[in-house]
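The structure appears right after this line, and notes come after that.
The values are calculated or read from the model by the stated rules, or taken from the named source; none is laboratory data. Remember, it's a predicted structure, so these values are computed and weren't measured experimentally. As a convention, Cβ positions derive from the backbone with ideal geometry for all residues, glycine included, and neighbour counts pool all protein chains shown. The protein model used for the area step is the full one, side chains on, heavy atoms only, and it has no ligands, DNA or RNA in it. Shrake-Rupley method; radii C 1.70, N 1.55, O 1.52, S 1.80 Å.
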Amino acid sequence: MNPIDVLIQYWPRLLDGTLMTIKLTLLAALIAAFFSPAIALIRVQAPTMVQAPLRLYISFMRGTPILAQLFLIYYGSGQFRPFLTEWGLWNFFRDPFNCALLTFALNSTAYQTEILRGGIMGVNRGEIEAAKAIGMSRLTTLRRVVYPHAYRIAWPALGNEVILLMKASALASVVTVFDIMGRTRQVFSKTFDFSVYLWAAVIYLCITAIFVLIWRQAERRLSRHIEAHNKPRATTVPVKEAQG
């Protein structure tokens, strides 16, 4: 088939897969963004014994392939079906989308935690001491000083993590989640036309480009006070009065 004909005939399926990919990526990233700030703070300030389980979790998630993690949760949960049924969790783990979402959320939480930890450690100590000096509570200091600066420092790296998560979401197709790659494989099984994979690549590229534009706009808003401070100010040169 002509590549254009493939796109025209199967675009509803590719669109459905695109929406599934966006849904899976955004939900996983948002779940990770909810939990990572607190875990990052623990990684920075908690005693070593408290950090030990978190270090083990982060090391496992960052050091093993995400495909292996997906198989462990999706296929491994079946080994514990009686216990999960007893606890009322089997309906959750029997759904491939839920297993994929849980896998990607756990993986992204580990990466976002380490990125934010670096951001928190990069906050100027002088600003924290200044906040304490003017009577800010610990919670207020975190909310108004530490986290805003940490996110500004970590923002580009967090964007890269979301992009990597979006591309890794293609692995969800191996557990029958019909994302972009899942729908692409369906179309290919009917047409045996490799051009459908080209269209899938174009869709991923478009999603990434749009996301980068949005993320950069958000980064500019986060850094607008710095840009305003660094912007050169106009200077006026006094003109000497004409002497008679």
Are any of the residues in the stretch 9-28 modelled with pLDDT under 95, crowded, with 18+ Cβ neighbours inside 10 Å, more than 30 Å from Ser195 (Cα to Cα) and out of contact with any Pro (no Cβ under 8 Å at 6 or more places or on another chain)?
no
With the condition kept exactly as written, say whether any residue in the stretch 75-88 is hydroxyl-bearing (Ser, Thr, Tyr) and within 30 Å of Leu142 (Cα to Cα).
no
Kindly list, by first and then second residue, each pair from a residue in the stretch 194-215 that is open to solvent by 50 Å² or more (accessible area, probe 1.4 Å) to a residue that is among the small types (Gly, Ala, Ser), limited to pairs with Cβ atoms under 7 Å and residues at least 6 apart or on different chains.
Trp215/Gly159
Can you name every residue in the stretch 76-135 that is in contact (Cβ under 8 Å) with a residue 40 or more places away in the chain, over 18 Å from Ser59 (Cβ atoms) and surrounded by fewer than 20 Cβ atoms within 10 Å (Cβ to Cβ)?
Pro96, Phe97, Met121
Could you grab me the full set of residues in the stretch 115-147 that are within 18 Å of Pro37 (Cα to Cα) and charged (D, E, K, R)?
Arg117, Arg138, Arg143, Arg144
Which condition number does Ala131 fail, the rest of (1) modelled with pLDDT under 90; (2) over 22 Å from Arg152 (Cα atoms) being met?
(2)
Before we move on, is Val202 under 30 Å from Gly78 (Cα atoms), among the aliphatic types (A, V, I, L, M) and modelled with pLDDT of 90 or more?
no
Within the stretch 149-182, which residues are open to solvent by 20 Å² or more (accessible area, probe 1.4 Å), polar (S, T, N, Q) and over 21 Å from Leu213 (Cα atoms)?
Thr176
Return the pairs, sorted by first residue and then second, in which the second residue is surrounded by 11 or more Cβ atoms within 10 Å (Cβ to Cβ), the first residue lies in the stretch 37-56 and is of a type in the set (Gly, Ala, Ser), the beta carbons are less than 7 Å apart, and the residues are 6+ apart or on different chains.
Ala40/Thr113; Ala40/Leu116; Ala40/Arg117; Ala40/Ile120
